[in-house]
Amino acid sequence: MTRTQNTEGGQAVDRIRNSENLEVASGQWLAQGRLLDSTVIPLGAKIGARTKSQNAAIIEYMPRQANQEEQLLIDRAAAAELPSVEAVREWAREKRAFISSVMTELAEERRAVAAGVRAVGMRAVMFEEFGGRDADPEGAYLAEVEGSDIYIGILGSRYGTPLKTRFSATHTEYLHAEKHALRIAVWTSATTDREGHEQSFLEEVRTFHVVPGFRTVADLQRQVEERMSAIAAEDLAPWCKLGNVVFRSSEVEDRGELIHVTARVRDDAVARALEAARGDQWNRGIRSRFTWSGRSKYVKVAGVQVTSTSARSKMFRLELEVQEAPRDSFLEVSIGRMSPGDLTEAALRTVLFGELNPLANQHMDFATEISDPLKPLRENPVSEEIIRPLSELLLTDLLVGTGRATSVREFRLGVPIRGRRSLTLGWETPNRYENEPTKAWRIQGEVNI
């Protein structure tokens, strides 16, 4: 079997000759260069002379999963944008922050954290304020963790008494917060006399989170206020991606068939790219994916309004018309016993973690080729402040934007340790049949970013 690559109609395709080890079992053939419905290619099967030409034709025009790479334009200055105090208070009004620590050792620090949380308008959830309840204490505080939006941990010298979970209360609360996808913020005291279990707990947290220290309770309160405001900014001004342009919006209004986006842009290249998106007299508005806050839709840019300001920035108002996304039937292809979901997982493990492609020894590794979504951040590093939201945005664009996933359920990117970061990624795949249950996928490994 030989393979060459060329481009037809702006889309890369693979040409495979002498495909005697491939068979299309669904009986669905090509129409005008597109696959129809689901196609299964079992490995190791021999095809007869009668169908060899049909199979060759199908493979001839099978579109590759890999997308052509394009340079990413990022409005890096947008990282400094913070919402107004009024906007933060409106956001915080229904938010709850669970405060977790060894209570006897860090009573004063807990009060300082609660003050910092309340200063931005959030509700501080503390075990001291639970009052009398019928439920057992462990069940009570875990229920409060589930009902909160943010977990705030304070680590000191003592680990605490192990519960029936074999972890301390603080450690159990932390694990429960991670399980239920809460925002995590943890601080550590400057002590040099830390118990062994507490040191191990701290190192576990540091695998995925930056854990700043504090010298005084006043310093801790200030840091908590700043961190809560930064989390508010992430929610109130989400990062967006339109084509190859990444910017931070101040508002995204999704009306179903229309999406209105408001954004203040400081980078000149990003501003020029957004202005060019309106098109010209021959091509009215580009068509591309628009990705934001865990969602992605295929849109046509129907309008671009630009207002220049005195602060060397431009205010953009984009009107996006939701379009039917181009359908890549190759994403429904199964190979051997590997379903489309299996192929997506294999592709991600190969491109993100450098694992061996399971189809490589069968000369079918092209079937799991995808572009590396994190490559732009590796080639043009961004600040630690924005690397996590941008990484999640790019992975969402790859998975949800292409139809490989309906949602990204879990995303955790660790701090850099010897040039590598821990990454946990979970997603759900679309149902191929009406009564088919939704399937969840999860991978974990280390990425070079």
Applying the gyration tensor rule to the Cα atoms of the stretch 85-236 (axes a ≥ b ≥ c; rounded if a/c under 1.5, else prolate if a/b exceeds b/c, else oblate), the class is oblate
Packing-based exposure ordering (other Cβ within 10 Å, fewest first) of Met126, Met315: Met315, Met126
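If we sort 199-212, 147-160 on the protection proxy, mean other Cβ atoms within 10 Å, highest first, what's the order? Walk me through the intermediate numbers first.
Numbers: 199-212: 15.5, 147-160: 20.9.
Highest-to-lowest ranking by the protection proxy: 147-160, 199-212.
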Could you sort out which of Lys241/Lys375; Lys179/Lys439; Lys297/Lys439; Lys179/Lys375; Lys179/Lys300; Lys164/Lys439 sit more than 27 Å apart by Cα distance in this structure? Lys179/Lys375; Lys179/Lys300; Lys164/Lys439
Taking 244-257, 346-359 and ranking on average Cβ neighbours within 10 Å, highest first, one gets 346-359, 244-257
Does the stretch 410-449 classify as rounded, prolate or oblate by the C-alpha gyration tensor (a ≥ b ≥ c root eigenvalues; a/c under 1.5 gives rounded; else a/b over b/c gives prolate, otherwise oblate)? prolate
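Ranked by Cβ crowding within 10 angstrom, fewest neighbours first, how are Met103, Met122 ordered?
Met103, Met122
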Rounded, prolate or oblate: which one fits the stretch 239-322, using the alpha carbon gyration tensor with axes a ≥ b ≥ c (rounded when a/c is under 1.5, else prolate when a/b beats b/c, else oblate)? oblate
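Throughout, read-outs are computed from the coordinates displayed, never taken from laboratory work. Given the structure is predicted, the values throughout are model-derived calculations rather than measurements. Because the Cβ atoms are built from the backbone with ideal geometry, glycine has one as well, and the counts that use them run over all protein chains shown.
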